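I'd like to ask some things about the structure below.
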Amino acid sequence: MTESAVEAQAQARNRARTVQKAVWLVGAGLILLMLGGLVLMSKPWNAGWWPGVSEASTVAGPCVVLAEPAERLTPGKTPASSPYDRPGRTACTAGDVTDEASLRLAYEREEWSFIRHPESGVTAAHHRLASRVGTDTGTWKPVSGLGDEAYRKDSRGTSQIRARKGNVVVDVSYSDSNGKADLPVQAEHVARAALAEIVF
């Protein structure tokens with residue numbers, strides 16, 4: 001083999017290595033771009049595990065919270081879990097709409113999840129509360145000093161409170177056909193007890 005042929009082979013090997021390095025670099029760059037895009041889309045800085053982000057770690061069972069108020073407000077009615085519970089949402093009711101008095105409490109915890117729900121749990125809970133208060137019929141009035149934000153709607157024989165503490169929305173409804181004057185006071189008492197059981 002001549003010296004020029006050996007030199008040509010060496011140049012061909014060098015070109016092949018250069019092309020191979022370029023392909024690897026382009027591939028690695030594309031992978032890094034895709035990973036960067038995923039990070040930007042998912043916004044992990046909104047996750048509960050991110051340093052400085054404070055979200056509820058546990059929420060009490062609503063039937064535990066309702067035990068004492070139900071005994072006072074709906075005598076003879078034992079709090080029972082909702083059959084419509086799902087991950088992140090639990091509810092409990094003492095009595096139903098056909099009863100003279102009924103009491104209902106629901107917790108809904110919003111959490112960050114990769115890509116599907118990239119806003120923080122606190123922001124998601126705020127939006128959920130705002131949408132429920134904004135689209136529901138009737139007039140919701142702000143309640144100061146109850147959680148991070150709260151609203152009340154009172155109608156004949158029913159008082160409802162929707163409140164948020166961190167990433168948890170609490171929904172309380174108390175009805176009594178006897179038209180008790182303290183319905184709003186009792187509904188707020190239940191809401192305060194429910195909010196106190198949210199642990200951060």
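Just to check your reading of the model, which residue among GLY88, GLY134 is under 20 Å from the mean Cα position of the chain (by Cα) and free of Cβ contacts under 8 Å to residues at least 12 places away in the same chain? Spell out the reasoning first.
Details: GLY88 fails: free of Cβ contacts under 8 Å to residues at least 12 places away in the same chain.
Every option except GLY134 fails the conditions.
For the stretch 162-200, what are the residues that are closer than 18 Å to VAL133 by Cβ, under 19 Å from the mean Cα position of the chain (by Cα) and not hydrophobic (A, V, I, L, M, F, W, C)?
ARG162, ARG164, LYS165, GLY166, ASN167, ASP171, listed by residue number.
Looking only at residues in the stretch 186-200 that are of a type in the set (A, V, I, L, M, F, W, C) and part of a helix (DSSP H, G or I), which one is farthest from LEU103 (Cα to Cα)?
If we filter the stretch 186-200 for residues that are of a type in the set (A, V, I, L, M, F, W, C), which is where we start, we get 187, 190-191, 193-196, 198-200.
Cutting the leftovers down to part of a helix (DSSP H, G or I) gives us 187, 190-191, 193-196.
Working: ALA187: 9, VAL190: 9, ALA191: 11, ALA193: 14, ALA194: 13, LEU195: 16, ALA196: 18 Å.
Only one residue fits best here, namely ALA196.
Condition check ((1) modelled with pLDDT of 90 or more; (2) among the hydroxyl-bearing types (Ser, Thr, Tyr)) across all residues:
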residue: ALA80; (1), (2): yes, no
residue: TYR107; (1), (2): yes, yes
residue: SER120; (1), (2): no, yes
residue: HIS126; (1), (2): yes, no
residue: TRP140; (1), (2): yes, no
residue: TYR151; (1), (2): yes, yes
residue: ARG156; (1), (2): no, no
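Okay, next question. Pairs please, first residue from the stretch 173-200 and closer than 30 Å to SER54 by Cβ and open to solvent by 30 Å² or more (accessible area, probe 1.4 Å), second anywhere and hydrophobic (A, V, I, L, M, F, W, C) and part of a loop (DSSP other than H, G, I, E, B), Cβ atoms under 9 Å, 6+ apart in sequence or on different chains.
Every condition considered, the pairs that remain are GLU188/VAL143; GLU188/LEU146; ARG192/LEU146; ALA196/ALA60; GLU197/ALA60; VAL199/ALA56; VAL199/ALA60; PHE200/ALA56.
Tell me, yes or no, whether the stretch 117-136 has at least one residue that is of a type in the set (Val, Ile, Thr) and under 26 Å from TRP49 (Cβ atoms). Reasoning before the result, please.
First, the residues of the stretch 117-136 that are of a type in the set (Val, Ile, Thr): 122-123, 133, 135.
From what is left, the residues that are under 26 Å from TRP49 (Cβ atoms) are 122-123.
For the stretch 117-136, residues of a type in the set (Val, Ile, Thr) and under 26 Å from TRP49 (Cβ atoms): present.
Could you grab me the full set of residues in the stretch 92-123 that are outside any loop (DSSP other than H, G, I, E, B), farther than 22 Å from VAL59 by Cα and not hydroxyl-bearing (Ser, Thr, Tyr)? Steps first, please.
As a first pass, look at the stretch 92-123 and keep what is outside any loop (DSSP other than H, G, I, E, B): 92-94, 101-109, 113, 117, 121-123.
Next, only the ones that are farther than 22 Å from VAL59 by Cα stay: 101-102.
Once the filter is applied, which keeps residues that are outside any loop (DSSP other than H, G, I, E, B), farther than 22 Å from VAL59 by Cα and not hydroxyl-bearing (Ser, Thr, Tyr), the stretch 92-123 yields only ALA101.
Okay, next question. Check off (1) at pLDDT below 90; (2) open to solvent by less than 70 Å² (accessible area, probe 1.4 Å) for LEU40 and give me the number that stays unchecked.
(2)
Residues in the stretch 80-114 that are open to solvent by 60 Å² or more (accessible area, probe 1.4 Å) and either farther than 28 Å from SER177 by Cα or in contact with a helix residue (DSSP H, G or I) (Cβ under 7 Å, 6 or more places away or on another chain) (or both): how many?
Selection size over the stretch 80-114: 6.
Quick test of your reading of the structure: PRO69 fulfils all but one of (1) in contact with a helix residue (DSSP H, G or I) (Cβ under 6 Å, 6 or more places away or on another chain); (2) open to solvent by 90 Å² or more (accessible area, probe 1.4 Å); (3) of a type outside the set (S, T, N, Q). Name the failing condition by number.
Answer for PRO69: the failing condition is (2).
The values are calculated or read from the model by the stated rules, or taken from the named source; none is laboratory data. Note that the structure is a prediction, hence the values are computed from the model and not measured. Reconstructed Cβ throughout: ideal geometry from the backbone, glycine too, with neighbour counts over all protein chains shown. For accessibility, only protein heavy atoms count, side chains too; no ligands or nucleic acids. Shrake-Rupley method; radii C 1.70, N 1.55, O 1.52, S 1.80 Å.
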